[in-house]
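Q: Okay, handing you the structure first.
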Amino acid sequence: MVRILATGTFDILHPGHLLYLGEAKALGDELYVIVARDSMIKHKPKPVIPERQRLAMVQGLRMVDRALLGSDEDIFEPLREIKPDIIVLGKNQFFREEKLERQLKEHGIGAKVVRVQEFMKCELCSSAAIIKRVLEREKGKL
């Protein structure tokens, strides 16, 4: 049984998320998804959607076998519990594969790191694009 792990913020679910998680699931038998905690998101604006609601949305996706919130303190904590065989990164996630593999080994986690090479190309295939569209529409109503 090959255990796959995917991670992300999943602020506003869109087709790009479905592509990423579908590609991840295709690499193994079980797909675990860690939804980032609000407190741990430092590389981009804080999510619009609360973390528990983001978790509920990801849990509802048919390709996801188990979804959980990440740690508030140590990103490697849930990985030690899950024991993934493969960690799948999305095309635009900020992790560098070599650095992450090195950090995983330092934490006693022997997972292989794979980056999804597909990227959904559509006008609203990012949470930021969706938020921008909503703001533009609201601005037009004033």
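Q: Considering only residues that are in contact with a strand residue (DSSP E or B) (Cβ under 9 Å, 6 or more places away or on another chain) and acidic (Asp, Glu), look in segment 27-73 and name the one that is nearest to Cys125 (Cα to Cα).
A: The residue in question is Glu51.
Q: So, of the residues in segment 65-96 that are touching a Phe, Trp or Tyr at 6+ places or on another chain (Cβ under 8 Å) and not charged (D, E, K, R), which turns out to be surrounded by the most Cβ atoms within 10 Å (Cβ to Cβ)? Break it down into steps so the answer makes sense when it comes.
A: Within segment 65-96, the subset touching a Phe, Trp or Tyr at 6+ places or on another chain (Cβ under 8 Å) is 65-68, 82, 84, 88-92.
Still in the running and not charged (D, E, K, R): 67-68, 82, 84, 88-90, 92.
On the way: Ala67: 21, Leu68: 15, Ile82: 19, Pro84: 24, Val88: 26, Leu89: 20, Gly90: 21, Asn92: 11.
Result: Val88.
Q: Given the criteria at pLDDT below 95 and within 13 Å of Leu13 (Cβ to Cβ), does Val48 qualify? Please lay out each step first, then the result.
A: Details: at pLDDT below 95: yes; within 13 Å of Leu13 (Cβ to Cβ): yes.
For Val48, the condition - at pLDDT below 95 and within 13 Å of Leu13 (Cβ to Cβ) - is met.
Q: Still on this structure: Kindly provide the set of residues from segment 42-62 that are among the aliphatic types (A, V, I, L, M), touching a residue at least 12 places away in the same chain (Cβ under 8 Å) and closer than 28 Å to Val2 by Cα, ordered by number.
A: Passing the criteria: Leu55, Met57, Val58, Leu61.
Q: Got at least one residue in segment 10-26 being over 19 Å from Cys125 (Cα atoms), part of a strand (DSSP E or B) and either among the charged types (D, E, K, R) or touching a Ser or Thr at 6+ places or on another chain (Cβ under 7 Å) (or both)?
A: Within segment 10-26, none of the residues are over 19 Å from Cys125 (Cα atoms), part of a strand (DSSP E or B) and either among the charged types (D, E, K, R) or touching a Ser or Thr at 6+ places or on another chain (Cβ under 7 Å) (or both).
Q: List, please: which pairs have Cβ atoms under 9 Å, are six or more places apart or on different chains, and start with a residue in segment 26-41 that is closer than 14 Å to Ser71 by Cβ and in contact (Cβ under 8 Å) with a residue 12 or more places away in the chain and end with one that is acidic (Asp, Glu) and part of a helix (DSSP H, G or I)?
A: Note: pairs meeting the criteria are Val35/Glu51; Ala36/Glu51; Arg37/Glu51; Asp38/Glu51; Ser39/Glu51.
Q: Right, something else. Identify all residues within segment 1-42 that are polar (S, T, N, Q) and surrounded by fewer than 21 Cβ atoms within 10 Å (Cβ to Cβ); write none if there are none.
A: Ser39
Q: Report every pair of residues separated by at least 6 positions or lying on different chains whose Cβ atoms are under 6 Å apart, first residue within segment 125-138 and under 16 Å from Lys46 (Cα atoms) and among the polar types (S, T, N, Q), second at pLDDT 90 or above and surrounded by 15 or more Cβ atoms within 10 Å (Cβ to Cβ).
A: Taking only residues 6 or more apart or on different chains, the pairs are Ser127/Asp11; Ser127/Ile12.
The values are calculated or read from the model by the stated rules, or taken from the named source; none is laboratory data. Given the structure is predicted, the values throughout are model-derived calculations rather than measurements. Positions of Cβ are generated from backbone atoms using ideal geometry, with glycine treated the same way; all protein chains shown enter the neighbour counts.
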